[in-house]
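A quick write-up on the structure given underneath.
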Amino acid sequence: MHKPLLVTENIHNKSFKQFTSIRVYVVVFTSKRTHTIMTKRLLICTMALFFTGQALAFQGLGELSGSVKDAKTGETIPGATVQILETTLGAVTNGQGFYTIKNIPAKTYSVQASFVGYETVIRYNIVIKSGGVPDLNFELKEAVSELEEVVVTANPFEKIEETPLSIQKLSAEEIATYPGGNNDIAKVVQSLPGVSGSIGGFRNDVIIRGGAPNENVYYLDGIEIPNINHFSTQGSAGGPVGLLNVSFFEGVTLSTSAFGSQYDNVLSGVLQFDQRNGNNRELKKNIRIGSSETALTLEGPLFKKDKESSNTSFIVSARRSYLQLIFELIGLPILPDYWDYQYKVTHKIDDYNELIITGLGSIDDFRVNELDEFDAEQQATQDQVPIIKQKSNTIGASWKSRFKNGSGFTRLTLSNNILSNDFRRFTDNLNQTGLFFRNESTEMETKLRFNYTRFLSHWTVSWGTSLQNVDYSNATIDNVNNFQFDNSINFFRYGAFGQANRTFNDERLSLSLGLRFDGNTFTDDGNNIFRTLSPRISGSYTFDEARKWSLNASLGRYYKIPPYTILGFTTNGGAFANQNARYIRSDHAVLGLEYLVTPSARFTLEGFYKKYDNYPVSITDGVSLANLGADFSVLGNEPIASVGLGRTYGLEFLYQKKFTNNYYAILAYTYYHSEYTAFDPDVFLPSSWDSRHLLTFTGGYKWGRNWELSLRTRYLGTTPFAPVDEAATLANYPSIIIDYSRIGEQRLDAFNQTDIRIDKKWNFEKWTLDIFLEIQNFFSQQIPDVPQYGLARDAQGMELAPRMLMQITELENSSVLPSIGVVIDF
């Protein structure tokens with residue numbers, strides 16, 4: 001009989017010196033022949049579905065609606081022209097800046113919006129279906145030229161004045177059809193330049209240009225969200241499964257190495273998830289069935305009554321995993337179970353005021369399952385994985401008020417986020433006896449932010465303040481390291497910023513200056529705001545009249561408060577061990593060149609250098625915490641010293657083409673070094689992310705009858721890892737003890753994987769069907785993994801005497817992993 005087994009992904013558990021293997025969405029079989037037969041059958045069934053649907057569907061017609069606004073003031077633009085390129089279809093916006101184009105043949109288009117005195121904007125890869133087409137909204141910038149006959153087309157690769165380089169965007173369609181992502185937006189961002197995941201490539205850790213996973217911040221419509229993953233690593237932000245719904249988003253924007261001063265607590269990257277508003281005219285539904293979960297999304301108007309449209313709209317979704325049912329049925333050692341939800345309500349108070357309420361949350365339960373028969377690898381997994389019960393919730397309200405004269409706006413945001421984490425380790429996970437580690441903690445933040453923006457001729461000036469209340473409690477038992485405490489802290493964080501942007505020479509030259517400070521009432525020097533003054537400057541210059549060549553540069557200093565797991569750690573005597581922790585500092589310098597090959601394609605080349613100071617170093621393990629966080633653990637729940645240094649530097653090349661001529665493409669290569677010190681400031685060691693080479697390609701091609709092929713390929717160079725201390729592990733099993741003094745002595749083989757996705761869409765009357773086939777690891781590449789260990793046992797699974805540790809025989813980890821999914825819009 002062929003035993004089912006979970007394809008492995010590294011879980012490197014620093015806090016308990018343990019690692020095991022899990023991938024939470026695909027099951028294969030140990031028999032290669034059985035797996036090949038199943039793969040062929042799945043492909044045959046999928047193709048049968050494709051061609052059966054082809055006989056039933058018809059071409060279908062759809063419609064497209066949306067608004068056109070001034071990009072700076074937010075005022076609607078009546079009389080703007082919206083045209084579907086290469087057709088005769090189009091519309092003019094009404095008095096409210098709204099348009100509708102009807103009777104559009106179902107396919108993919110480029111759509112253009114224009115108005116006299118404004119730059120023309122083209123949006124690419126707009127999919128028209130017979131049902132479920134979201135609104136397409138435009139924001140137009142005033143054109144510099146005053147000649148009416150001169151048509152100025154906006155750069156489709158939009159720059160932000162305070163961050164004119166190191167900024168990347170993905171459209172809604174690129175997100176929705178991302179191959180190998182399992183509809184997981186947290187995986188989608190790993191296709192962006194300079195972004196990699198953890199070892200093996202299957203977790204959602206966002207590692208940007210060699211920085212640690214906890215160096216990033218995430219925003220949902222301007223509201224900060226601390227966590228974007230299920231089963232998240234507390235003190236960091238990664239996890240195996242994202243909790244954001246892809247059906248919500250208009251796009252994703254990533255800023256790396258250069259950030260506006262309104263963002264606090266960021267060292268490597270800012271990810272902004274832009275949610276669309278719900279439909280304010282009629283109720284719409286979306287059902288998505290994937291290989292690991294099912295999701296339902298509803299959107300529509302509220303309080304509409306007999307009006308054509310409402311000032312209030314909503315969009316809401318819920319998602320349920322069924323992995324635990326599948327895994328229990330086939331006898332796998334783990335049972336991951338999760339729910340999540342997301343919502344947004346938009347209310348137009350009047351022409352100048354808008355209120356948004358948005359939120360998301362998750363419920364996670366990770367436990368083990370009894371094995372049907374002994375298998376060394378699965379037994380080690382059952383022994384070593386943690387038992388996790390986790391809940392998260394974020395809710396926020398944002399009020400934007402535009403000045404009636406169009407000279408600026410204010411934004412007031414109030415939000416609350418909470419994470420409850422019950423993380424336990426047992427000597428007997430199955431019966432949950434022999435507790436040797438427990439982290440039962442709750443961290444909650446309540447945040448108030450105010451931003452003021454004013455437009456003064458060629459200047460844009462903004463300033464703002466923030467105030468946060470932090471409430472953190474933690475009950476810890478750690479028998480391996482002899483820690484035991486039960487404590488809580490409550491303190492305030494605060495900050496202020498100013499930013500001034502100016503354009504010169506017909507907007508060919510732009511400069512931006514920013515300054516912010518941050519403080520807190522807990523750490524010893526937290527109220528010394530001069531220690532966190534963070535100036536920044538950036539600029540962009542366009543060389544030629546055609547605006548094809550531009551030089552971009554930025555220089556800045558950024559600070560991040562250590563995670564609450566560090567600040568809240570206490571000695572067994574009840575004293576706060578890390579109250580003297582300092583803000584982590586990072587100085588960034590970036591220089592880049594951009595060339596617009598065509599109106600829809602560009603090349604960029606950037607050099608970057610990041611220098612770190614005050615990085616927390618583990619007193620227990622003598623390693624910089626910059627090496628940790630991409631695992632199932634609790635990051636930072638230990639004594640530290642703020643003495644670590646670090647540096648990451650390299651070059652990054654990008655070619656990006658928007659969807660034209662039936663295809664789009666993103667090709668990026670990053671060469672970098674990532675090094676950190678521990679207690680000796682003169683000894684820089686390669687970090688856990690020092691893979692040196694990162695190559696990614698993502699692209700898609702569409703052809704007739706609504707067929708689409710998407711492809712993603714990734715190459716990650718050899719990655720350092722710290723080996724297991726076998727003697728210490730044997731003494732503390734099932735806790736795996738890592739010898740961090742030897743980090744960098746060994747490296748994993750290079751990682752290389754190609755994933756493809758095939759979509760077929762059918763347009764029926766007022767509803768659409770999309771069936772997709774995903775094939776991960778298409779070329780059957782061996783996926784590298786760190787050595788795994790378990791206790792020596794006999795054929796029946798009984799421990800041998802004397803007790804011995806054994807390395808588990810390396811498993812074949814090169815399987816092709818197919819799955820199918822269904823999306824219905826109506």
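The values are calculated or read from the model by the stated rules, or taken from the named source; none is laboratory data. All values reported here derive from a predicted model rather than from experimental measurement. All Cβ positions, glycine included, derive from the backbone under ideal geometry; neighbour counts span all protein chains shown. Heavy atoms of the whole protein, side chains included, go into the accessibility calculation; ligands, DNA and RNA do not. Shrake-Rupley method; radii C 1.70, N 1.55, O 1.52, S 1.80 Å.
Brief remarks on what is shown
- Test: residue in segment 736-748 that is part of a strand (DSSP E or B) and charged (D, E, K, R): yes
- Within the set TYR263, TYR219, the sole residue that is assigned to a loop (DSSP other than H, G, I, E, B), among the hydroxyl-bearing types (Ser, Thr, Tyr) and open to solvent by 10 Å² or more (accessible area, probe 1.4 Å) turns out to be TYR263.
The rows are residues; the columns are (1) exposed (fewer than 15 other Cβ atoms within 10 Å of the Cβ); (2) of a type outside the set (Lys, Arg).
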{"site": "ASN490", "(1), (2)": "yes, yes"}
{"site": "ARG493", "(1), (2)": "no, no"}
{"site": "ASP524", "(1), (2)": "yes, yes"}
{"site": "LEU551", "(1), (2)": "no, yes"}
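- Search result, residues across segment 590-612 that are under 29 Å from PRO213 (Cβ atoms) and either β-branched (Val, Ile, Thr) or open to solvent by less than 40 Å² (accessible area, probe 1.4 Å) (or both): VAL590, GLY592, GLU594, ARG602, THR604, GLU606, GLY607, PHE608, LYS610, TYR612
- Of all positions in segment 564-575, none carries a residue that is open to solvent by 40 Å² or more (accessible area, probe 1.4 Å) and in a strand (DSSP E or B).
- For LEU371, the requirement of being over 19 Å from the mean Cα position of the chain (by Cα) and either in a loop (DSSP other than H, G, I, E, B) or more than 30 Å from MET806 (Cα to Cα) (or both) is met.
- Residue check, GLU224 surrounded by fewer than 24 Cβ atoms within 10 Å (Cβ to Cβ) and not hydroxyl-bearing (Ser, Thr, Tyr): yes
- Against the list (1) without any contact (Cβ under 8 Å) to a residue 40 or more places away in the chain; (2) surrounded by 16 or more Cβ atoms within 10 Å (Cβ to Cβ); (3) out of contact with any Ser or Thr (no Cβ under 8 Å at 6 or more places or on another chain), the condition GLN379 fails is (1).
- Among the residues listed as ILE334, ILE289, ILE315, ILE326, the single one being open to solvent by less than 10 Å² (accessible area, probe 1.4 Å) and either under 26 Å from ASP759 (Cβ atoms) or of a type in the set (D, E, K, R) (or both): ILE315
- Set ASN451, ASN405: member being polar (S, T, N, Q), within 27 Å of the chain's Cα centre (by Cα) and at negative phi: ASN451
- ARG411 being more than 27 Å from GLN234 (Cβ to Cβ), among the basic types (Lys, Arg) and either open to solvent by less than 30 Å² (accessible area, probe 1.4 Å) or more than 27 Å from the chain's Cα centre (by Cα) (or both): no
- Only one entry of GLY790, GLY797 meets the criterion of being of a type in the set (Gly, Ala, Ser), more than 31 Å from the chain's Cα centre (by Cα), over 30 Å from TYR178 (Cβ atoms) and surrounded by fewer than 20 Cβ atoms within 10 Å (Cβ to Cβ), and that entry is GLY797.
- Restricting attention to segment 114-131 and to residues that are assigned to a loop (DSSP other than H, G, I, E, B) and in contact (Cβ under 8 Å) with a residue 60 or more places away in the chain, the residue that is surrounded by the most Cβ atoms within 10 Å (Cβ to Cβ) turns out to be SER130.
- Among the residues making up segment 437-455, those that are of a type in the set (A, V, I, L, M, F, W, C), open to solvent by 20 Å² or more (accessible area, probe 1.4 Å) and either touching a residue at least 40 places away in the same chain (Cβ under 8 Å) or more than 30 Å from LYS72 (Cβ to Cβ) (or both) are MET444, PHE450, PHE455.
- Selection from segment 456-478 of residues that are over 20 Å from LYS400 (Cα atoms) and either acidic (Asp, Glu) or in contact (Cβ under 8 Å) with a residue 60 or more places away in the chain (or both): VAL470, ASP471, TYR472, SER473, ASN474, THR476, ASP478
- Within segment 798-817, the set of residues being of a type outside the set (Asp, Glu) and at pLDDT 90 or above comprises MET798, LEU800, ALA801, PRO802, ARG803, MET804, LEU805, MET806, GLN807.
- Residue selected from segment 67-84 under the condition open to solvent by 50 Å² or more (accessible area, probe 1.4 Å) and more than 19 Å from ASN353 (Cα to Cα), by the criterion nearest to the chain's Cα centre (by Cα): GLN83
- Among the residues listed as ILE566, ILE584, ILE640, ILE537, the single one being in contact (Cβ under 8 Å) with a residue 24 or more places away in the chain and touching a helix residue (DSSP H, G or I) at 6+ places or on another chain (Cβ under 7 Å): ILE640
- Qualifying residue in segment 347-354 (condition: under 19 Å from ASN229 (Cβ atoms), open to solvent by 10 Å² or more (accessible area, probe 1.4 Å), among the β-branched types (Val, Ile, Thr) and free of Cβ contacts under 8 Å to residues at least 40 places away in the same chain): no
- For segment 463-488, the candidate set comprises residues that are of a type in the set (A, V, I, L, M, F, W, C) and farther than 30 Å from PHE437 by Cβ; within that set, the residue that is surrounded by the most Cβ atoms within 10 Å (Cβ to Cβ) is TRP463.
- Considering (1) under 19 Å from TYR559 (Cα atoms); (2) open to solvent by 20 Å² or more (accessible area, probe 1.4 Å); (3) free of Cβ contacts under 8 Å to residues at least 60 places away in the same chain, the lone condition that ILE619 does not fulfil carries the number (1).
- Filter result for the condition that a residue is outside any loop (DSSP other than H, G, I, E, B), over 30 Å from ASN706 (Cβ atoms) and of a type outside the set (Val, Ile, Thr), over GLY821, GLY790: GLY790
- Members of segment 750-783 found to be modelled with pLDDT of 90 or more and of a type in the set (Lys, Arg), listed by number: ARG757, LYS760, LYS761
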